[in-house]
Amino acid sequence: MSLRRRAREIAVQILYQAEVAGVPFSEAFATYEGYFKPSPKVLSFARELVNGVAEKQKEIDEIIERFSKHWKLSRMSAIDRNILRLATYELLFRPDIPPKVSINEAVELAKAFGTDESASFVNGVLDAIYKKLVKEQEKKLLSAV
C-alpha cells in the first residue's frame, strides 16, 4: 500500500474518531499514534490532510450539501461524510493532487470502510463537485494565462 493511501486511511479514521467521540483532532491523533505507531512520513501527510479539512470544514460541508442531492450532512453516515470531507478538501485545495486520484482514493476508502452503497454515493457526489467546481477553477486558470 502506498504511503499516501495509508495516510488517507489514517486521516479518515482520525476525522471519524474526532467527530464521533467529540474530541479535538489532536487528541484523536494522540490516541491513534499510541495504539498503531504509524511511520512519521505517513503520519505527516495524514496530519496535513486532517488539518486542511479542519481549517476548511465549514466551506467543505456547504459544498458537500450543495452537491449531494436530497442528502443533508446529518443524514449521511459519519464515515461517508468524512470521506467526502477529505476528498473535497483534496479536490478544491490541493492542486498538487490530481482530481481523479482524489476521487479514486475516496471510492476505495468508501469500499473499505463504508456500506455496500457508500462507494457509488461518494463517487456520485465527488463527480458532481469535480464537474462543476474543479473544472470552473481550471477554466479560470486557463483564461488568466
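The values are calculated or read from the model by the stated rules, or taken from the named source; none is laboratory data. Computed from a prediction, not measured in an experiment: that's the story for all the values here. Cβ: placed from backbone, ideal geometry, glycine included. Neighbour counts: every protein chain shown.
At a glance:
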| item | result |
| --- | --- |
| Any chance Arg85 is crowded, with 20+ Cβ neighbours inside 10 Å, touching a helix residue (DSSP H, G or I) at 6+ places or on another chain (Cβ under 9 Å), at pLDDT 95 or above and not aliphatic (A, V, I, L, M) | yes |
| Failed item in (1) modelled with pLDDT under 95; (2) in contact with a helix residue (DSSP H, G or I) (Cβ under 6 Å, 6 or more places away or on another chain), with Pro24 passing the rest | (2) |
| Filter result for the condition that a residue is modelled with pLDDT of 95 or more and within 21 Å of Ser118 (Cβ to Cβ), over Ala7, Ala54 | Ala7 |
| Top-ranked residue in region 94-129 [being under 13 Å from Arg5 (Cβ atoms) and of a type in the set (Asp, Glu); ranked as surrounded by the fewest Cβ atoms within 10 Å (Cβ to Cβ)] | Glu108 |
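Each row is one residue, and each column tells you yes or no for (1) aliphatic (A, V, I, L, M); (2) under 19 Å from Phe121 (Cβ atoms).
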{"site": "Ala7", "(1), (2)": "yes, no"}
{"site": "Ile10", "(1), (2)": "yes, no"}
{"site": "Ala21", "(1), (2)": "yes, no"}
{"site": "Pro24", "(1), (2)": "no, no"}
{"site": "Ser44", "(1), (2)": "no, no"}
{"site": "Val50", "(1), (2)": "yes, no"}
{"site": "Phe67", "(1), (2)": "no, yes"}
{"site": "Ser77", "(1), (2)": "no, yes"}
